[in-house]
Structure formats: structure tokens, C-alpha cells
1. Taking the options Arg13, Arg108, name whichever one is assigned to a helix (DSSP H, G or I), under 30 Å from Val227 (Cα atoms) and either open to solvent by 60 Å² or more (accessible area, probe 1.4 Å) or touching a His at 6+ places or on another chain (Cβ under 8 Å) (or both).
2. Residue by residue through the stretch 161-184, note down the ones that are within 30 Å of Leu113 (Cα to Cα) and either more than 12 Å from the ligand (Cβ to nearest atom) or more than 25 Å from the chain's Cα centre (by Cα) (or both).
3. Based on this model, can you work out whether Tyr22 counts as touching a residue at least 24 places away in the same chain (Cβ under 8 Å), under 19 Å from Lys106 (Cβ atoms), of a type outside the set (A, V, I, L, M, F, W, C) and assigned to a loop (DSSP other than H, G, I, E, B)?
4. Any idea which of (1) open to solvent by 40 Å² or more (accessible area, probe 1.4 Å); (2) under 18 Å from Asp23 (Cα atoms) is the one Glu95 doesn't satisfy?
5. From Asn158, Asn211, Asn187, which residue is modelled with pLDDT of 90 or more, open to solvent by 30 Å² or more (accessible area, probe 1.4 Å), within 16 Å of the ligand (Cβ to nearest atom) and over 17 Å from the mean Cα position of the chain (by Cα)?
6. Looking at Lys130, Lys165, which is the one that is among the basic types (Lys, Arg) and part of a helix (DSSP H, G or I)?
7. Of the conditions (1) open to solvent by less than 10 Å² (accessible area, probe 1.4 Å); (2) away from the ligand (no atom under 16 Å from the Cβ), Ser123 fails just one. Which one is it?
8. Checking the conditions here, which among Ser162, Ser168 is in contact with a Phe, Trp or Tyr (Cβ under 6 Å, 6 or more places away or on another chain) and in contact (Cβ under 8 Å) with a residue 24 or more places away in the chain?
Amino acid sequence: MSFKTKAFVLRSRVWREADRLYDLFTPEEGVLNVILKSAAKPGNKLSGHLLPYSKVSVMIGRGRFDHLAGVETIKDFKNIRTNLKLLSLAGSVVELFIYDQERGYKYREFNLLESIFSLLDNSDIELDKKSILVRVFLWKYLSLSGWQPQLNRCLICNKDISSGKYVSGRGIICSEHQESGFIVSDNLIDFLRFVLDADWLDFINLKIDKNLNREWLKASSMFYQSVFERPSQSLKLFNYG
Ligand SMILES: [Zn+2]
């Protein structure tokens, strides 16, 4: 049995002999590990279409291992591969997807991935702006994955609040509660609501105040670490604050 789907190439590794194993992200099933037989042999026409971060249309054969039966490039996002910082930013995005091995419909995640790759690939957007966009991506992606922080009401007493203490990965609590969290400004809470709701275009011309940016960087780093326990390449993205 075989089927056709769209996919993003997340990464590839050497498999047995001349074969390669690709991690593909598909809207129908999430991450699939798919083998390309004889990928390294001269004359293999498929491997040239499977560059990292490309959007492809693939034919996948089902078997004991899924294998690639056909590939066409839809968009190769080639600008991403011309710059080390962009590669690093794209790598930290991809790592989130590789980490998520839960199968099932991932259409919203697929669209989000397409958005961030398009933005990283867009040479009209300044490089510095792109690290901000990846940080926005992190919040949007984790919120889709069941980590939407509660930012309107206190997690403990349910009171409507607009500031207080931020509990990473969860939301905000009144500052008088004993539970640990770090004090955040009204500005940051407003800004986080904006990050979760606003459209990508709203971020391209956004100017972020220096103090707010520092606060956001700290909250982002804590958010990330509360979700992912293992040390991660993605933490690098917080060095670009
Ligand atoms: Zn409270």
C-alpha cells in the first residue's frame, strides 16, 4: 500500500549501507521516519529533492518500514541554508517537531511550520527580526501542543488579574500567593496575549521595548525549560535575544 502526502524534511541520517533515513513532518500523521533506499548511490534522483527544511510532495510505501517511492519539491526554502544563524534558528524549530513523536492530525502545526520557514527564508526581513519571530513561533507552537498559558485569571484563586507572578508553562497567579513564580509587568502579560493571538504580519514591523524584550526572553526560556526537561539545542535560540 502507498499514499501521497505533503511533508517537510526535518532531518536525514545515514541508514544501512547506501540507504538514508528521513524524518518527515506530515499534516496527517505528524513525524514519519521514512527510508530512501540507495540514497547515496550515484544517479538516485530522489535524494536531491530531500534537502533539510524543504516542503515536498512524497509518495510513501507502507511496509515494515515506511519507504519513499517518489518525491517532488514544492518549495525548497533555499535561503535558510545560506546562513549559519538561519540554519541554527531553523534547527531549533525542527527540534521541537522531532521531539514530538505523537502521531495524529497535525494540520495546524504543519501550517505554523510553513509560516516560520517562509519568514526565515524571506530575505526582505532583517536577520535580527527573525530570532524574534522564532521566539513568537515557540509560544504559538507550545500553545497548540497543549501548553497554552492562562493569562487572564489566577491559576490558584481564579480571580481576574492583569499582572502578578508568572508560573512558567502554566500562566499567572496573584502576587500574594506563596507559590513560586517571577513577578512580571502588566506589559509582559499584555504582550504575551498579543503573541498568542496576533498574526505573523503584525510581528514583522513590531518594535519591542528593551526591558520588555528582556522580560520576554526570560519568560520564554523558563517556558521552554518547563516543557522540555532535557538539555536542548533550542535553548540556543535564547542567546539571540
Ligand atoms: Zn489568586
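1. Working: Arg13 fails: assigned to a helix (DSSP H, G or I).
Step by step, each of Arg13, Arg108 is checked, and only Arg108 is assigned to a helix (DSSP H, G or I), under 30 Å from Val227 (Cα atoms) and either open to solvent by 60 Å² or more (accessible area, probe 1.4 Å) or touching a His at 6+ places or on another chain (Cβ under 8 Å) (or both).
2. Residues of the stretch 161-184 that are within 30 Å of Leu113 (Cα to Cα), as a first pass: 166-172, 184.
Within the stretch 161-184, Tyr166, Ser168, Gly169, Arg170, Val184 meet the criteria.
3. Numbers: touching a residue at least 24 places away in the same chain (Cβ under 8 Å): yes; under 19 Å from Lys106 (Cβ atoms): yes; of a type outside the set (A, V, I, L, M, F, W, C): yes; assigned to a loop (DSSP other than H, G, I, E, B): no.
So Tyr22 fails the test.
4. (1)
5. So the residue among Asn158, Asn211, Asn187 that is modelled with pLDDT of 90 or more, open to solvent by 30 Å² or more (accessible area, probe 1.4 Å), within 16 Å of the ligand (Cβ to nearest atom) and over 17 Å from the mean Cα position of the chain (by Cα) is Asn158.
6. Values: Lys165 fails: part of a helix (DSSP H, G or I).
Result: Lys130 is the single residue among Lys130, Lys165 that is among the basic types (Lys, Arg) and part of a helix (DSSP H, G or I).
7. Ser123 satisfies all of (1) open to solvent by less than 10 Å² (accessible area, probe 1.4 Å); (2) away from the ligand (no atom under 16 Å from the Cβ) except (1).
8. Values: Ser162 fails: in contact with a Phe, Trp or Tyr (Cβ under 6 Å, 6 or more places away or on another chain).
When all the criteria are applied, what remains is Ser168.
The values are calculated or read from the model by the stated rules, or taken from the named source; none is laboratory data. Keep in mind that this is a model prediction, so the values were computed, not measured. No Cβ is skipped: glycine too gets one built from the backbone with ideal geometry, and neighbour counts run over all protein chains shown. When the accessible area is computed, the model is the full protein with side chains, heavy atoms only, and any ligands, DNA or RNA have been set aside. Shrake-Rupley method; radii C 1.70, N 1.55, O 1.52, S 1.80 Å.
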